[in-house]
1. Quick check on my filter: what residues within the stretch 327-346 are surrounded by 11 or more Cβ atoms within 10 Å (Cβ to Cβ), closer than 17 Å to residue 383 by Cβ and of a type outside the set (Gly, Ala, Ser)?
2. Does any residue of the stretch 199-214 turn out to be outside any loop (DSSP other than H, G, I, E, B), within 15 Å of residue 56 (Cβ to Cβ), open to solvent by less than 30 Å² (accessible area, probe 1.4 Å) and in contact (Cβ under 8 Å) with a residue 24 or more places away in the chain?
3. Criterion first (in contact with a helix residue (DSSP H, G or I) (Cβ under 7 Å, 6 or more places away or on another chain) and either assigned to a helix (DSSP H, G or I) or loosely packed, with under 11 Cβ neighbours inside 10 Å (or both)) does residue 314 satisfy it?
4. If you scan the stretch 232-255, which residues turn out to be of a type in the set (A, V, I, L, M, F, W, C), without any contact (Cβ under 8 Å) to a residue 24 or more places away in the chain and not in a loop (DSSP other than H, G, I, E, B)?
5. Considering each of 58, 31 in turn, give the residue that is open to solvent by less than 10 Å² (accessible area, probe 1.4 Å), under 24 Å from residue 205 (Cα atoms) and in contact with a helix residue (DSSP H, G or I) (Cβ under 6 Å, 6 or more places away or on another chain).
6. Would you mind finding the one in 301, 265, 272, 286 that is among the basic types (Lys, Arg) and either under 27 Å from residue 432 (Cα atoms) or touching a strand residue (DSSP E or B) at 6+ places or on another chain (Cβ under 9 Å) (or both)?
7. Of all residues in the stretch 34-47, which are modelled with pLDDT under 95 and either within 27 Å of residue 273 (Cβ to Cβ) or part of a loop (DSSP other than H, G, I, E, B) (or both)?
8. Taking only pairs six or more apart or across chains, which ones have beta-carbon atoms under 9 Å, a first residue in the stretch 135-150 that is surrounded by 16 or more Cβ atoms within 10 Å (Cβ to Cβ), and a second residue that is part of a helix (DSSP H, G or I) and of a type in the set (Ser, Thr, Tyr)?
Amino acid sequence: LWQPTVVVLGLGTMLFGGWAALKQYDLKLILAYGTVSQLGFLVVIVGRGSADTAQAGLAMLLAHGLFKATLFLVVGIIDHRAGTRDIRRLSGLAGRVPVLFAVSLVAAASMAGLPPMAGFVAKESVLTAFAHDVDSAAGVAVLAGLVVGSVLTFAYSARFVWGGFAQKTAEFSELDAGVGGKSVISDMQRAEPAFLAAPLVLSVLTVVLGLWPQPVNAMLQPYVDQFPVTGEHEFYLALWHGPTPALGLSALIIAGGLLMHLARRRVADLQRALPSMPPGELLYRRAVNVLDLAAVWITGRTQRGSLMFYLSVILITAIVVPLVALIAEETPPLGTLRVSDSPGQLIAGAAMVVAALLVPLATKRFLAVLLVSVTGYGLALIFALQGAPDLALTQTLVETVLLVAFVLALRSLPAPLWHRNPAGRRVLRGTIAVAFGLFMMALAAFSISSRTAEPVSREMPRMAYELGDGQNVVNVILVDIRAWDTFGEISVLVLAATGVASLIFVTGRGDRIVRSGNDPTTDQLRVIRRRSSAAVSPGGEPLEAGLARRDDDLEDPYLLAGRTLAPERRSIVFEVVTRLLFHTFMMVSLYLLIAGHNDPGGGFAGGLMAGLALTVRYLAGGRYELELATPINAGTMLGTGLTLAALYAVTPVFLGGSVMQSYTFEAELPLFGAEKFVTALVFDVAVYLIVVGLILDILRSLGGRIDQRIEEDAVRRRRAPGRGTRIRVTRQRKVAAGAAVGSTASTRIDGGNEHR
């Protein structure tokens with residue numbers, strides 16, 4: 001389908017550009033439309049996709065670069081020296097600037113396809129390639145189109161030379177009334193040698209490569225060898241191939257081009273007589289306007305702001321499109337399927353299905369999130385039962401991080417779920433979701449059954465052990481065999497984290513409250529107390545009061561929960577567990593990082609484990625504890641990780657290797673014995689840093705920032721006038737006159753303060 005499309009568009013462009021070039025009076029516009037024509041010519045040639053056209057196309061591209069660069073430089077010199085590019089005002093310059101004229105003549109002759117120029121050699125190879133494919137009407141039509149386009153090329157090449165340098169009659173200057181009153185320029189100043197040097201060198205190369213094209217043959221041969229050879233004819237670049245059909249076509253092109261140039265007056269009259277097309281800019285603007293109107297119409301009917309609608313469109317499309325392809329094309333046979341490999345997998349799969357079906361029935365958001373997490377943990381269990389501990393570990397850690405992120409985000413949403421749509425729509429959405437799941441399962445089964453080639457995965461264990469020097473196939477794939485994919489994925493992670501942080505934190509990443517060392521000092525803790533003095537506990541007591549009562553305990557800065565959290569929000573048991581487990585989690589994360597090349601783990605799993613350790617510390621001590629627990633902020637950690645990965649990628653190039661190449665070093669160490677170090681660990685460290693930085697961004701945006709907003713809302717409620725609990729008090733007063741007057745006073749209690 002592509003070949004006829006390319007040929008039609010290329011031929012149309014070639015003919016249009018050549019015809020339009022014959023209408024121009026500006027030397028630069030003649031060349032510009034000529035370039036359009038030549039680009040269409042090149043598209044037709046290289047779009048053929050055979051060895052001979054590949055050689056001819058690149059030879060034509062080289063020749064075009066030489067003569068077109070020369071001619072544009074010549075136009076610049078004429079414009080600079082004569083002050084105009086209008087061929088109706090330029091006359092007799094050939095005698096005034098003979099060197100410039102000779103350079104232009106050589107380049108234009110190459111563009112027209114005259115021997116012995118490089119353009120002639122390239123065009124001969126093009127005609128030779130297409131002349132051998134005239135067995136069909138399409139082949140004859142393409143060859144005829146190339147000949148007509150080449151005739152136009154010769155004609156506008158002659159128009160350029162004649163228009164810029166020839167002695168013209170007075171009649172020519174009156175062809176267009178717009179020139180009226182302007183004098184003809186025939187006394188152009190000579191150009192300095194520095195101006196002529198570049199076009200002169202290019203024109204010399206044009207002649208040299210026409211007379212001696214063997215260097216071009218040798219240069220193009222490695223490229224040409226990649227294409228199939230069509231036919232039995234021998235093809236190569238040469239000035240003389242003997243009396244061939246291509247030579248006859250070249251003679252026909254030259255004769256037709258000369259006739260068009262000699263009859264230029266009649267050609268101009270014919271062009272004026274034909275109906276004129278609107279300018280291309282106007283057509284482009286109209287086309288874009290139509291696209292804008294269509295986009296507005298489609299957007300108004302699809303972008304409704306409804307997540308349910310968007311998901312329905314995506315899922316229905318994902319069902320219908322593959323299903324049509326599955327039915328329209330040959331449907332592969334369905335191979336033997338196993339329901340499960342063990343009873344444990346069957347139980348885990350059933351639990352995942354039941355949990356997914358119960359999600360729409362949940363009335364609380366937290367319950368819905370827990371049910372969704374069952375599917376993730378169930379998948380981890382299936383991985384473990386299948387004998388994939390690395391995948392099971394990573395899936396468990398990922399699911400835990402996601403669960404924490406969901407729970408933190410839920411604090412900004414009301415607890416109950418509500419259904420604004422009628423029950424019928426809920427049934428429809430449920431039906432779409434179930435159908436999508438069943439279809440994806442069927443599509444996976446058909447895809448696996450239709451495999452005909454040997455799976456590449458069977459070679460992965462051998463490649464991991466012999467080439468990557470690792471026994472953990474999953475980790476070696478990520479950091480060695482397919483390290484480019486991993487590099488792209490971590491780049492996306494860094495970009496996404498940076499984008500989200502820029503939206504949430506605006507003026508800064510919110511990383512630091514205090515930081516002058518890895519461990520906070522007494523003065524720093526007092527800064528924390530002052531920063532948190534605005535926060536209040538649910539009972540209405542300012543936290544500053546609680547902090548003041550604990551000034552005597554400032555020498556133990558490990559967990560700040562006792563100083564920054566209200567008593568109602570503390571959990572002594574959780575604080576004790578955090579003190580016990582935090583360092584263990586961090587040590588396990590480092591073990592997973594180092595041991596991942598041979599055992600379950602790796603930089604991704606290790607980073608997740610470290611992120612969970614920081615999550616536990618945040619949950620125990622709040623946002624201030626998180627800020628004091630991380631000596632490096634999230635942005636620095638993400639940038640350091642990506643920089644380290646980039647350095648790891650390019651360093652082997654300077655050592656004579658390839659990008660992302662890994663090296664293995666072996667050594668005898670005291671106590672440890674023979675040890676092997678693979679440089680892919682450096683890339684794993686980069687992944688580790690990026691994952692930890694990403695989790696820090698999640699904790700600070702969904703955790704610390706929401707905590708800060710809750711505290712600010714509490715302060716606002718405490719200080720806002722006119723709010724709080726109102727108590728009506730009525731008293732009877734007796735005045736001096738003895739009259740009883742009913743007096744009403746209002747007392748408002750808000751945030752622990754009383755206002756009368």
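The values are calculated or read from the model by the stated rules, or taken from the named source; none is laboratory data. The model shown is predicted, which means the values in this text are computed figures rather than measured ones. Reconstructed Cβ throughout: ideal geometry from the backbone, glycine too, with neighbour counts over all protein chains shown. SASA here: full protein model, heavy atoms, side chains in, ligands and nucleic acids out. Shrake-Rupley method; radii C 1.70, N 1.55, O 1.52, S 1.80 Å.
1. Result: 341, 345, 346.
2. Yes, that holds for at least one residue.
3. Criteria not met by residue 314.
4. Correct list: 251, 255.
5. Among 58, 31, only 31 is open to solvent by less than 10 Å² (accessible area, probe 1.4 Å), under 24 Å from residue 205 (Cα atoms) and in contact with a helix residue (DSSP H, G or I) (Cβ under 6 Å, 6 or more places away or on another chain).
6. Result of the check over 301, 265, 272, 286: 301.
7. 47
8. As it stands, the answer is 149/37; 150/250, since those pairs meet every condition given.
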